[in-house]
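Okay, here's the structure, questions in a sec.
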Amino acid sequence: MRLKIPAGYAITYNKFHDVDPIPEEGDEDFLSNWFYFTEDILQISKLANVNGWHVIPENNTYLIDLGWYPDGSQNGEYRLEQIQVDEEGCGDRLKIKRSKDRFEIRDTIELWLRELNNNQPDDGF
């Protein structure tokens, strides 16, 4: 799935693909392409600038995390979370978006990144 990611963010995990869930033949719940629809699909981390270097901080940062719940189920849906990580490394969910529509999820990811980036326009990509 193509995403507009502004500078200052790192994709730390990605298997968010432009595919539809395909039901497993003879199984009312399981997806035959379940490997695209697991609890760990995408994670984006806000970078920190430390002595002129961009690093992925363990605390005092923001994460965007995407998964499919329940894992591998055709009755599942995407769950997107915006998380603020504090000084101790504990996460606090700021926003949650649930949808079966991957394009709606993509648009929400891009919106949240723009908001975290102080609504600066993207670089035209």
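Could you grab the pairs with beta carbons closer than 9 Å, sequence gap of 6+ or different chains, first residue in the range 87-101 and within 13 Å of residue 67 (Cβ to Cβ), second one in a loop (DSSP other than H, G, I, E, B) and hydroxyl-bearing (Ser, Thr, Tyr)?
Filtered contacts from the range 87-101: no entries.
One line per residue, one yes/no per condition, for (1) of a type in the set (Ser, Thr, Tyr); (2) loosely packed, with under 13 Cβ neighbours inside 10 Å; (3) in a strand (DSSP E or B):
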position	(1), (2), (3)
3	no, no, no
11	no, no, yes
21	no, no, no
27	no, yes, no
45	yes, no, yes
63	no, no, yes
67	no, no, yes
105	no, no, no
113	no, no, no
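Next up: Taking the condition of being over 15 Å from the mean Cα position of the chain (by Cα) and either surrounded by 18 or more Cβ atoms within 10 Å (Cβ to Cβ) or not in a strand (DSSP E or B) (or both), how many residues in the range 29-43 meet it?
Total satisfying the criteria: 6.
Moving to a separate point now. Within the range 1-37, which residues are aliphatic (A, V, I, L, M) and farther than 16 Å from residue 74 by Cα?
Of everything in the range 1-37, those that are aliphatic (A, V, I, L, M) and farther than 16 Å from residue 74 by Cα turn out to be 1, 3, 5, 7, 10, 11.
Exactly one of these conditions fails for residue 79: (1) in a loop (DSSP other than H, G, I, E, B); (2) at pLDDT 95 or above; (3) surrounded by 13 or more Cβ atoms within 10 Å (Cβ to Cβ). Give me its number.
Only one criterion is unmet by residue 79, namely (1).
Given the conditions (1) touching a Pro at 6+ places or on another chain (Cβ under 8 Å); (2) at pLDDT 95 or above, and given that residue 42 satisfies all but one, which numbered condition is not satisfied?
Residue 42 satisfies every listed condition except (1).
Scan the range 85-100 and give yes if some residue there is open to solvent by less than 30 Å² (accessible area, probe 1.4 Å), assigned to a strand (DSSP E or B), of a type in the set (Ser, Thr, Tyr) and over 30 Å from residue 33 (Cα atoms), otherwise no.
Taking every residue of the range 85-100 in turn, none turns out to be open to solvent by less than 30 Å² (accessible area, probe 1.4 Å), assigned to a strand (DSSP E or B), of a type in the set (Ser, Thr, Tyr) and over 30 Å from residue 33 (Cα atoms).
The values are calculated or read from the model by the stated rules, or taken from the named source; none is laboratory data. On a predicted model such as this, the values are computed, not experimentally measured, just so you know. A quick note on method: Cβ atoms are made from the backbone with ideal geometry, for glycine too, and the neighbour counts reach across all protein chains shown. We work out accessible area using only protein heavy atoms, side chains counted, and drop any ligands, DNA or RNA first. Shrake-Rupley method; radii C 1.70, N 1.55, O 1.52, S 1.80 Å.
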